[in-house]
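Report on the following structure.
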Amino acid sequence: MRTPLSTFSYGLLFNTLPLTSLFSKLTMARSNTSKPKVDKMQQLLHSHPSGGWDKCWEKGVTPWDLGQPTPILVHLHQTGTLPKGRALVPGCGSGHDVAAIACPERFVVGLDVSENAIKQATKWFSSSKSAENFSFLEADFFIWRPTQLFDLIFDYTFFCAIEPEMRPQWASRIRDLLKPDGELFTLIFPISDHEVMKKSCIPWGSGQS
């Protein structure tokens, strides 16, 4: 029997670092995003139901993209907190997080449904020093069938981008892609440090197998 979803690791170990320093970087990056760009993104998604995300990458309308690795993910990598083995980053976009945590002890697969996103990630990171420790793949997370399971899945701006009615399917796919003792790390963009601390005490997961 596979591990119930509620037993997966869901937290980001909030007590291991000062919240203000890392999340302030996220806040600053997001605050630099103009509302017109967000509006344009929404227009593209609505006008291209089957290829909206790819159209956003084609047009360079990616207000969710930090343009750098997620700071807290880098911290967890540098402190040895992340599991070794095989890792998956669904909705990897331009690939910053993939390249940041790839190492000889951890092979990372960056998955995205957007052809343009994968092309950009490959262009930026194919010649990096850790290139042999990661790969980028254009595929639909919900129908993709890898040949091996993962020790780690990192989700940031992927779960929140899908339609609410698809969330149970997301949970099932996460369960099926993780090894029985695998770990899921998710990051929901915080409203404030206070809200993060408050919400970090609430377990993620339905408790259903």
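Out of 98, 89, one residue alone is among the β-branched types (Val, Ile, Thr), outside any helix (DSSP H, G or I), surrounded by 18 or more Cβ atoms within 10 Å (Cβ to Cβ) and modelled with pLDDT of 90 or more. It is 89. Note on region 114-165: residues that are charged (D, E, K, R), farther than 22 Å from residue 66 by Cα and touching a strand residue (DSSP E or B) at 6+ places or on another chain (Cβ under 6 Å) amount to 1.
The selection criterion, being assigned to a loop (DSSP other than H, G, I, E, B), touching a residue at least 12 places away in the same chain (Cβ under 8 Å) and not charged (D, E, K, R), holds for residue 128. When the test is whether a residue is within 20 Å of residue 176 (Cα to Cα) and open to solvent by 50 Å² or more (accessible area, probe 1.4 Å), residue 146 does not pass it.
Between 141, 158, the distinction of being within 13 Å of the chain's Cα centre (by Cα) and open to solvent by 20 Å² or more (accessible area, probe 1.4 Å) belongs to 158 only.
Screening 120, 148 for residues that are in contact (Cβ under 8 Å) with a residue 60 or more places away in the chain and in a helix (DSSP H, G or I) leaves exactly one candidate, 120. One residue is enough: does region 69-79 have a residue meeting the conditions open to solvent by less than 10 Å² (accessible area, probe 1.4 Å), of a type in the set (Val, Ile, Thr) and either within 30 Å of residue 35 (Cα to Cα) or in a loop (DSSP other than H, G, I, E, B) (or both)? The answer is yes; a qualifying residue exists. Suppose the filter is of a type outside the set (A, V, I, L, M), without any contact (Cβ under 8 Å) to a residue 60 or more places away in the chain and not in a loop (DSSP other than H, G, I, E, B); does residue 175 pass it? Criteria not met by residue 175.
The values are calculated or read from the model by the stated rules, or taken from the named source; none is laboratory data. Computed from a predicted structure; not experimentally measured. Cβ sites come from the backbone with ideal geometry, for glycine too, and all protein chains shown count toward neighbours. For the accessible areas, the whole protein counts, side chains as well, though only heavy atoms, and no ligand, DNA or RNA atoms are used. Shrake-Rupley method; radii C 1.70, N 1.55, O 1.52, S 1.80 Å.
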